[in-house]
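Accompanying notes for the structure given below.
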Amino acid sequence: MTTNAQAPLLSRLFGRRHSRTSPLALLVRNRLAAAGLVVLCLVVFIALITPWLPLPDPNATQPSDRLIPPFTTGHWLGTDQLGRDILSRLLWGTRVSLVVGIAATLVAALIGSTIGIVAGYFGKRVDSTLMRGIDMMMAFPYILLALAIVAVLGPGLLNALYAIAIVNIPFFARNVRGVTVTLRNREFVDAALLSGKNHFLILVTEILPNVLPVIVITMSTTVGWMILETAGLSFLGLGAQPPQADLGSMLGEGRRLISTAPFVSTVPGVMIFILVMSINLLGDGIRDALDPRLKAGALRRPAARTRTSVEARQASQYEQRGVLDVRALRTEFHLDNQVHRAVNGPTFSIEAGECLGIIGESGSGKSVTAMSLLGLVASPPGMIMGGQVNYRDTNLLGISDNDLRRYRGGELAYIFQDPLSTLHPLFTVGDQLVEAMRSHYAISYTDAWKKAVTLLEEVRIPNAANRAHSYPHQLSGGMRQRVSIAMALANEPKLIIADEPTTALDVTVQAQILALLNRLRDDKGASLMFITHDFGVVRQVCHRVAVMYAGEIVEIGPVEEILAQPAHPYTRRLISCVPDVERKTGKLEEIPGLPPQVNNLPEGCKFADRCDMVADQCRQAPIELKTMNERHQARCIFAKEVV
Amino acid sequence: MTALPTGSTMQASNHLAVSDLVKQFGGGRSLIGRELPAVHAVRKLAFHVEAGEILGIVGESGCGKSTVARMLVGLDAPTSGRIELGGSPLAEPGKPIHRRALANRIQYVFQDPLSSLNPRKTIRQILTAPLVYLKHMDKEQIETRLKELMEQVNLRAEFLSRYPHEFSGGQAQRIGVARALAAEPEVLVLDEPVSALDVSVQAQVLNLLQDLRKRFNLTYVFISHDLGVVRNLCDRVAVMYFGRIVETADTDTLFSNPQHHYTRLLLDSVPGTGKQLSVGDQANAELPDPLKPPPGCAFAARCPAATDQCRQTDPELKGTDAHAVACYHPEK
């Protein structure tokens, strides 16, 4: 389980109405990048005001003042072998290097991005023609190509600029093409076609704004490199021609004097270092701030276990009901100085051999509840603030990491929604089953493999002995989910936590998987915690069901009773929203409005704003669960009237 | 390509009519003349939709229903076959598609409401595009029309200046509907428009679609895998399996008296109807290989009533407009 698998979950919880931190704020927060920005601004500012500074002419030679050392009055950085003022040459040279470097970057970005965007958008022949051309350019060693271009065009600053721009085109073309290809397959491009836009308009108004961050990232990371290359060409005498100064040619001229007057070459060298270093630091910062992959948390390493508050870890023990007993569990996400209260104290227990359904809409906290049980919520930003998860008279929130690892995939096993992302793509399913067993028990590979095949047979995979050698991508969605179930069964679990295991499957396959889970639960006597958003599925597999809304259980009880006589208005209205496959109902009942945001939950009943029975007292204080009968409770002050 | 039946076989009252529609992906020959494998996504499909009717197309993933939808609106070109709207051809073999002309008459609502809205554009920019490029409206007309559209999909006009990420799934889907309506089309093709939404929100969107149809006398082609939704919304249903229609009938007839064994299986697979699921937990739900479609009925391998005849020749869709089935041994 990685953060990647949780990314959709987090975005479901916070994505839609969560305001993004602005890229500039992110940039400034990165200290190195901010330092780079400050230094670069300083250098650029000085370069800009150079013409108005009281400096001697950078090209005026004064043979009598040759090689004056630095810190001499009148020549603060000394003079070179022709008696020219180094400070003046340095500032004018920096101007040149900056202009050439930036101009080359812009030219390369313009041409390269155009090629990339066109190739990526039109695909097929256009793509192969353009990209093969780019490949050919990349086949030449980089600096050799630049040298060859300058050799053809003749030495000179402008030609060096062309050469550097050309050799950098492939970087832009490749980066931009990659992004464009993924954008091209997004539905909004099709939507724009259907809005009557032609391809040119789509490229400019739909694709380009989305590609722009990538172009900026590539520019920020290459401009320093380009300045270095300009300096390199000038150093070789192919760029700036005497007497014009740029950093590379100053370095080249100072090279011969390195033993007698080292400052002549050191000064431009230090300047190149400062310039390129500040640009690179800034460039890395820009990339971190803009790159969507980094933003999605690819660099964030979540802890092996959800952070848990001391209070939750040390909660005192009491007598446990059933196999699993969860009490007042609270999980929060701390993001951007806001607290998102995803799980607000659900209390439930599961008996041996029982199937408890957890039903709710997206964002109701049902998945976070399930993942909190074994500390699988990504941390940061997740944090378990309180409550207890009791299994076999032990509070799982308080045990050591090693003990927890033994429970995970052992006595407590998970099945997730998308088996393609939970199975490893590079190992055969047999190997993955073997690994699941061997990480819990000392068992030989051959024995484990035999058991893996038996497991695959148990989940009714035809020709299991051969299928064990398949990779996940070679199996259909239903087959893959059977493999996940086999993996959950591998270590004889007492409780299986299934998080929407059939949501991604077709209805006929879903029916088979549900039948399979029912049979396995009967055969093995394991308990099942089944998370879903579908009442039909609940009715098919569950004994009891808990309805969740805004992180709370609003109703819990036997399935048939709740379906026949829902006590909470939310449950009642949720059931009547579902179109009935057995009869036509005419107008469907709908629930107006949206669930409350979990970073701004109301004090009283969380459903109050959407409820048709709301009264003043609903909003005043938290509503307690009301007991309907021994097994059935609802969190509504009108619960008894509703039934 | 063989000669295709002419439009004369279709009745004039048919609003949208599709005949012999075929779509293959890939195929053709490589540079050295080797034949490339082709995926047979849609195989000889024919159906029609009356004006003001809602035709539901149901089927499981990979059956080609989305490909049909994309061909109807011109996002994909058919490999062969005809699509006609009100008697005039929208797609004919060998002729390029006039996407703009098409977009004025037939529009599309996407499955994933957020992915179909450009994240860097405001709702105003998104809704203005069809008004400018399809309807050629001036500034004043656009302003009036934008307000009208937002009202029609029950959204407040001040939402126009917001970006897609600020909306919930249901609101975003209503924006998708508004965009489709902007061009004042006769037909809407809706590709799983509510499958990404929560049930409470799904009901809002479905009711909106019902209202809009009555208000503007729209014709819908409604693609879905959710049988409950189809039962409640559609007038007629076509069941697709592996690129073909295996059964089509009026909604009530199909749900009360399914004749194709696949339709029966689909209906019996819906969980929670109170019936015990008749399907076992055996894994025999594999579709045939789309690169090499079988000569006979594609469902034969899973069918309880399959005979040798079924495995050798593919049954044609036979019957009346009210109920037609492609099966040699239909259920009674």
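Worth a mention:
- q = 0.14, 0.18 Å⁻¹: log10 I(q)/I(0) that the Debye formula gives for region A:467-575, counting C-alpha atoms only: -0.63, -0.95
- Placing unit charges on the Cβ atoms of the charged side chains and taking the dipole of region A:79-160 about its Cα centre, the candidate lying farthest along the positive direction among A:129, A:87, A:151 is A:129.
- Coupling constants for region B:176-189 follow from the phi torsions by the Karplus curve (6.51 cos²θ - 1.76 cosθ + 1.60, θ = phi - 60°), and in residue order they are x, 5, 4, 5, 5, 6, 3, 7, 6, x, 8, 10, 10, 9 Hz; glycine and proline get x.
- Between residue A:454 and residue B:61, the FRET efficiency estimated from the beta carbon spacing at R0 = 30 angstrom works out to 0.50.
- For the pair A and B, the buried accessible area comes to roughly 5700 Å² in total, with a 1.4 Å probe and the value rounded to the nearest 100.
- Over region A:449-513, accessible surface divided per residue gives 33 Å², non-protein components excluded, 1.4 Å probe.
- Peptide packing: for A:31-41, A:68-78, the average count of neighbouring Cβ atoms within 10 Å per residue gives the ranking A:31-41, A:68-78, highest mean first.
- For the cross-link pairs A:587/B:332; A:197/B:95; B:65/B:318; A:366/A:450; A:124/B:135, the ones whose C-alpha atoms lie over 25 Å apart are A:587/B:332; A:366/A:450; A:124/B:135.
- Residues in region A:30-72 reached by a label modelled at residue A:257 [backbone nitrogen below 15 Å; 7 Å Cα→Cβ]: A:58-72
- For chain A, relative contact order (Cα pairs under 8 Å, six or more residues apart, normalised by length) works out to 12 percent.
- Projecting the Cα positions of B:178, B:257, B:298 onto the charge dipole of chain B (unit charges on Cβ atoms of Lys, Arg, Asp and Glu, taken about the Cα centre) puts B:178 furthest along the positive direction.
- Between residue A:138 and residue A:313, full extension at 0.36 nm per residue minus the direct alpha carbon distance yields a gain of 57.3 nm.
- Within a straight-line Cα-Cα reach of under 15 Å, residue A:626 can be paired with the following aspartates and glutamates, leaving aside sequence neighbours fewer than 8 residues apart in one chain: A:552, A:555, A:641.
- Per-atom-type breakdown for chain A gives carbon and sulfur 60% of the accessible area (1.4 Å probe, protein chains only).
- Annotation: amide H-H contacts under 5 Å for residue B:241 (H modelled 1.01 Å from N, sequence separation of 5 or more, or interchain): B:246.
- Among B:269, B:195, B:66, residue whose mean-square fluctuation peaks in a GNM of chain B (springs only between Cα atoms under 10 Å): B:269
- Overall Cα dimensions of region A:277-411 - principal axes, largest extent first, Å: 63, 34, 26
- Remark: spin-label model distance residue A:445-residue A:621 equals 6.5 nm, labels positioned 7 Å along the Cα→Cβ axis.
- Ligands, DNA and RNA left out, the accessible area of chain B computed with a 1.4 Å probe is 51% carbon and sulfur.
- Summary value for chain B: 19 percent relative contact order, contacts being C-alpha pairs under 8 angstrom separated by 6+ residues.
- Interchain or long-range residues, amide H under 5 Å from residue A:324's placed H: A:350
- Between the beta carbons of residue A:152 and residue A:111, assuming R0 = 25 Å, the FRET efficiency works out to 0.85 to the nearest 0.05.
- What separates the Cα centres of region B:105-167 and region B:35-79 is a distance of 27 Å.
- For region A:442-459 versus region A:525-581, the gap between their alpha-carbon centres in whole angstrom: 36 Å
- Taking a straight Cα-Cα cut-off under 17 Å and skipping sequence neighbours fewer than 8 places away in the same chain, the aspartates and glutamates within cross-link reach of residue A:584 are B:53, B:211, B:226, B:235, B:250, B:252.
- Complex-versus-alone comparison for region A:532-549, residues with a loss of 10 Å² or more in accessible area, probe 1.4 Å: A:533, A:536, A:539, A:540
- Taking a sphere under 10 Å around the Cβ of residue A:556 and counting the other residues whose Cβ falls inside, with K and R at +1 and D and E at -1, yields a net charge of +2.
- Rounded to 10°, Cα long-axis angle of helix B:199-216 versus longest principal axis of chain B: 80 degrees
- FRET efficiency, 1/(1 + (r/R0)^6) with R0 35 Å, evaluated for residue A:518 and residue A:463 via beta carbons: 0.90
- Each residue of region A:186-203 was assigned a 3J(HN,Hα) from its phi angle through the Karplus curve 6.51 cos²θ - 1.76 cosθ + 1.60 (θ = phi - 60°); the sequence is 6, 5, 5, 6, 4, 4, 5, 4, 6, 7, x, 7, 8, 4, 4, 4, 5, 4 Hz, with glycine and proline shown as x.
- Tail beyond 20 Å, pair distance distribution of region A:509-643 (Cα, percent): 52 percent
- Calculation over all alpha carbon pairs of chain B in 10 angstrom steps from 0 returns a P(r) of 5, 24, 32, 24, 12, 3, 0 percent.
- Entry note, region A:187-346: relative contact order of 16 percent, from Cα contacts under 8 Å with a spacing of 6+ residues.
- Between residue A:61 and residue A:492, the modelled label-to-label distance comes to 9.4 nm, taking each label 7 Å out from Cα in the direction of the beta carbon.
- Derived scalar couplings ³J(HN,Hα) [region A:473-481; Karplus, 6.51 cos²θ - 1.76 cosθ + 1.60; whole Hz; x for Gly, Pro]: 5, 7, 10, 6, x, x, 5, 4, 5
- Ratio Rg/Rh [Cα only; Rh per Kirkwood] for region A:113-167: 1.10
- Average other protein chain Cβ within 10 Å of Cβ, residues A:582-595: 6
- For region B:210-237, a decrease in accessible area of 40 Å² or greater in the assembled protein chains relative to the isolated chain, with a 1.4 Å probe, applies to B:231, B:232.
- 0 to 90° range, to nearest 10: angle between helix A:142-153 axis and chain A longest Cα axis: 40 degrees
- Net charge dipole, region A:228-385: roughly 220 debye, given to the nearest 20, about the Cα centre with Cβ charges of +1 for Lys and Arg and -1 for Asp and Glu.
- Residue A:34 paired with residue B:256, simple spin-label distance in nm, labels 7 Å along Cα-to-beta-carbon: 7.3 nm
- In the calculated pair-distance distribution of region A:440-511, the portion above 19 angstrom amounts to 37 percent of the Cα-Cα pairs.
- Residues in region A:132-263 average 42 Å² of solvent-accessible surface per residue, probe 1.4 Å, ligands and nucleic acids excluded.
- Cα-only radius of gyration and Dmax that characterise the protein assembly as shown, units Å: 33.5, 114
- Cα-only Debye scattering, region B:90-238: base-10 log of I(q)/I(0) at q = 0.11, 0.12, 0.19 Å⁻¹: -0.42, -0.50, -1.21
- Debye intensity ratio in log₁₀ form over the Cα atoms of region A:564-643, taken at each q of 0.15, 0.20, 0.23 Å⁻¹: -0.61, -0.97, -1.15
- Net charge contributed by nearby residues that have their C-beta within less than 14 Å of residue A:93 (K/R +1, D/E -1): -2
- Within chain A, helix-based [θ] at 222 nm, where runs of 4 or more DSSP H residues each add -39,500 (n - 2.57), nearest 500: -15500 deg cm²/dmol
- Rounded to the nearest 20 debye, the dipole magnitude of the protein assembly as shown is 1460 debye, with +1 charges on Lys and Arg beta carbons, -1 on Asp and Glu beta carbons, and the Cα centre as origin.
- Neighbourhood charge, 10 Å Cβ-Cβ cut-off, centred on residue A:198 and excluding it, Lys, Arg +1 and Asp, Glu -1: +3
- Residue-averaged beta-carbon neighbours from other chains (10 angstrom radius) around B:113-121: 6
- Comparing Cα centroids, region A:147-187 and region A:252-293 end up 22 angstrom apart.
The values are calculated or read from the model by the stated rules, or taken from the named source; none is laboratory data. All values derive from a computational prediction rather than experimental measurement. FYI the Cβ positions are ideal-geometry reconstructions off the backbone, even for glycines, and counts take in every protein chain you see. We work out accessible area using only protein heavy atoms, side chains counted, and drop any ligands, DNA or RNA first. Shrake-Rupley method; radii C 1.70, N 1.55, O 1.52, S 1.80 Å.
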